[in-house]
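S.K.: Below you will find the structure I want to go over with you.
Where a number appears in this text, it was derived from the coordinates with a stated rule and is not lab data. Worth saying up front: this structure is predicted, and the values here are computed from it rather than measured. Don't worry about glycine lacking a Cβ; one is built from the backbone with ideal geometry, like all the others, and counts go over all protein chains shown.
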Amino acid sequence: MKNIFFLLTIAITFLSCSNDTDSSSTLKKIEKVVFYKNSTNEKHWNINNNLLTTITLADGTIVEEFVYDNKNRVVRDVKYTNGLVSETDIITYNVDDNIKTINGLPYTFNAATQTYNYNYGSGFTISCQVNSDKLALNFIRTGSNAGQYHMTYSNGNMTSFEKVNNNSTDLVKNFRFDAMLGANPIYNAVLAVARVKSLTDPSFFIDCQASKDMANGYDKGTTDSFFYNHGAITDVEGKHLQVGIEVLDSNNNFVEFYSFADYYYQ
């Protein structure tokens, strides 16, 4: 496995030495991303016309489907269990493109604080402060399915992700960025989905896929001494970009390697 990551390191060195017309600009239109390939968590994000349209399992079973309006806003988020519809979120928007309702329940948006609020009953309330891209910064839900998520951003990149349960941090990820891996090839494709997920399911952000650039590593805070170092390699034809994760301990020793994302282009 060290040999595999050695090849990835060579590829990164090559890419980082190239000029501004790097691999992300020369690759063709993206059509699919496979996350955690050959693992129990494998998911396929399928992209059409530069929009995330479906998420499927390795065998093609559909997990989630996103329907858009003529302004490329998500108006329907359909979840599936064993191939059958199990949940549907219907989203409407105000004339300023801020979310107006989800499943008929009204959300208000305070432009001064950049915060969405839902407090019209139904056993829960939601407060979600967003950034300039309308992505979750601070999400707090009370009542049923109570929980909190807190994110920080820099230059359009999510630098930290924190999940809080019962007033105690359940998970934290601190992401690192530089110019080595370049722009996130699916940022525009997932942006509309991420804006909806900010209010319905902030766990969507756990792998930093709504950032403008690709993270080149992260740690899990003081409770986990491992560092997760990202590396990438592209094929000669520019139709496949593979990102792997090398796990290092606190002494920078190799622990394991696994696939994070395989980007496939037309």
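S.K.: Between beta-carbons, use under 15 Å as the cut-off and find the net charge around T101, counting Lys and Arg +1, Asp and Glu -1. Walk me through the intermediate numbers first.
M.R.: On the way: positive: R73, R76, K100, R195; negative: D69, D77, D89, D96, D97.
Surrounding charge for T101 is -1.
S.K.: Sticking with this structure for a sec: How high is the relative contact order of the stretch 68-151, in percent, with contacts defined as C-alpha pairs under 8 Å that are six or more residues apart?
M.R.: Values: 139 pairs, mean separation 11.0, N = 84.
Dividing the mean separation by the residue count of the stretch 68-151 yields 13 percent.
S.K.: Report ³J(HN,Hα) in whole Hz for each residue of the stretch 101-106, in order, from the Karplus equation J = 6.51 cos²θ - 1.76 cosθ + 1.60 where θ = phi - 60°; Gly and Pro get x.
M.R.: Karplus values, whole Hz, x for Gly and Pro: 9, 10, 6, x, 8, x.
S.K.: So, one more: When D249, D77 are ordered from fewest to most other Cβ atoms inside 10 Å of their Cβ, what list results? The partial results should precede the final answer.
M.R.: Working: D249 11, D77 20.
Listing D249, D77 from fewest to most nearby Cβ atoms yields D249, D77.
S.K.: List the residues of the stretch 124-156 whose backbone N lies under 17 Å from a point placed 7 Å from the Cα of N167 along the Cα-to-Cβ direction.
M.R.: So the set is 140-143, 146-149.
S.K.: Considering only DSSP states other than H, G, I, E and B, which trypsin sites (Lys or Arg not before Pro) in the stretch 143-226 qualify as loop sites with at most 10 other Cβ atoms within 10 Å? Don't skip to the end; give the middle numbers.
M.R.: Details: sites: K163, K173, R176, R195, K197, K212, K220; in loops: K212, K220.
Hits after loop and neighbour filter: nothing returned.
S.K.: Okay, next question. Across bins of 10 angstrom width beginning at 0, how are the C-alpha pair distances of the stretch 16-172 distributed, in whole percent?
M.R.: Whole-percent P(r) values from 0 Å outward: 9, 25, 39, 22, 5, 0.
S.K.: Tell me, what is a quarter of the convex hull surface for the C-alpha atoms of the chain, in nm² with one decimal? Can you show the working numbers first?
M.R.: Values: hull surface 61.7 nm².
Answer in nm², one decimal: 15.4.
S.K.: Can you give the FRET efficiency for D235 and N72, using 1/(1 + (r/R0)^6), R0 = 30 Å, r = Cβ-Cβ distance, to the nearest 0.05? Write down the numbers at each step before the final one.
M.R.: Values: r = 30 Å, r/R0 = 0.99.
With R0 = 30 Å, the Cβ-Cβ based efficiency is 0.50.
S.K.: For the stretch 114-266, what is the Kirkwood hydrodynamic radius in Å, using each pair of distinct C-alpha atoms?
M.R.: This gives a value of 16.8 Å.
S.K.: Output the relative contact order of the chain, whole-number percent, from Cα pairs under 8 angstrom with separation of 6+ residues.
M.R.: Worked out over the chain, it gives 18 percent.
S.K.: Full extension from T88 to N49: what is 0.36 nm times the residue separation minus their Cα-Cα distance, to one decimal in nm?
M.R.: Details: separation 39, 0.36 × 39 = 14.04 nm, distance 2.28 nm.
This chain segment gains 11.8 nm when fully extended.
S.K.: Dividing the Cα convex hull volume of the stretch 106-201 by residue count, how many Å³ per residue is that? Could you put the intermediate results ahead of the total?
M.R.: Numbers: hull volume 10.1 nm³, N = 96.
Per-residue hull volume (Cα only) is 105 Å³.
S.K.: Taking only Cα atoms, what is the 0 to 90° angle, nearest 10, from helix 187-200's long axis to the longest principal axis of the chain?
M.R.: For helix 187-200, the angle is close to 40 degrees.
S.K.: Volume per residue, Å³, of the convex hull around the alpha-carbon atoms of the stretch 209-264?
M.R.: Numbers: hull volume 5.2 nm³, N = 56.
Convex hull of Cα atoms, per residue: 92 Å³.
S.K.: While we're looking at this one, here's another question. Quick one: order H150, H230, H240 by neighbouring beta-carbon count within 10 Å, fewest to most.
M.R.: Taking fewest neighbouring Cβ atoms as first place, the list is H240, H150, H230.
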